1. If you average 1/r over all unlike Cα pairs in the range 8-66 and invert the result, what Kirkwood radius do you get in angstrom?
2. Apply the Karplus curve 6.51 cos²θ - 1.76 cosθ + 1.60, θ = phi - 60°, to the phi angles in the range 10-23 and return the couplings in whole Hz, x for Gly and Pro.
3. Which listed residue (L67, G89, V54) has the Cα farthest towards the positive end of the charge dipole for the range 16-91, taking +1 on Lys and Arg C-beta and -1 on Asp and Glu C-beta about the Cα centre?
4. Find out how many positive minus negative residues lie around P38, taking Lys and Arg as positive, Asp and Glu as negative, among other residues whose Cβ is under 15 Å from that of P38.
5. How would you rank S42, S109, going from fewest to most other Cβ atoms within 10 Å of each one's own Cβ?
6. Net charge near P71, counting Lys/Arg +1 and Asp/Glu -1 over other residues with Cβ under 15 Å of its Cβ?
7. For the range 1-99, what Kirkwood radius comes out of the mean inverse Cα-Cα distance, in Å?
8. Using only the Cα atoms, work out Rg/Rh for the range 6-207, with Rh taken as the Kirkwood radius, to two decimals.
Amino acid sequence: MTKSLGALVAVLDYHGVSVDEFNAWYDTEHIPERLRVPGFLSAQRWLSADGQPVSVVTYDLNGLEVLASAPYLAIAGENFSPWSKRIIGSCRRFWRYEAEQILPGDRLSPEGAGGLLLIAMNVNPDAEEEFNRWCDTEHLPRLSAVPGVLAARRFRASQGDHRYLAVYHLQSPAVVESEAWSKAIETPWTHSIRPRTRDRMRIVCASYRRA
């Protein structure tokens, strides 16, 4: 059986932080620092497509054990750099997820995507089995077939405010406004599952282009 990949997803609402400094921190320190840790396979930056100061960074990991390794712990949490502590402490909100990729399990983030959709939610315990079956057999397969969807993956979080994440790489943010996307998500099964989910977070992003 192929080993499942892990993911680290960081969402920052950076209202109150200088945009130039925020980008400099991520580009010159925070991401390079993590990519030097063995087991970090990739890092991609995204910004909210509606122009709000919301940042998403997705990291592919060789496995969740990477986040318990000595090299990572040396730069994380209480061992954040002074710059990281100051930037993150100045942000309005910080969501952080440690997650295992459960479908397809071993897919890396594709390169060259112009957009990203991040969905996070919790599920009522009595609906969790059906929720997973719906995601695996209907929802993700239908969305994967929408023109402009480059990759569709879902994750189960072991750390974070939401238990389930779905990450869609898109040709552009406009894909989620297309007629094909709307048709793919509106099914009877979807309408049955949706009321049994809660705490839903949806962020449509555009790829960050470093100046």
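1. Evaluated over the range 8-66, this radius sits at 12.3 Å.
2. 10, 10, 10, 8, 9, 3, x, 10, 4, 4, 4, 6, 4, 5
3. Final value for the positive-end residue is L67.
4. Numbers: positive: R34, R36; negative: E33, D60, E65.
Value of the local net charge: -1.
5. S42, S109
6. Values: positive: R34, R36; negative: E33, E65.
The answer is 0.
7. Numbers: mean 1/r = 0.0712 Å⁻¹.
After inverting the pairwise mean of 1/r, the radius is 14.1 Å.
8. Dividing the radius of gyration by the Kirkwood radius yields 0.96.
Here, each number is a calculation from the coordinates, and none is a lab measurement. Please read these numbers as outputs of a predicted model, since none were measured by experiment. Glycine gets a Cβ as well: all are built from the backbone with ideal geometry, and neighbour counts include every protein chain shown.
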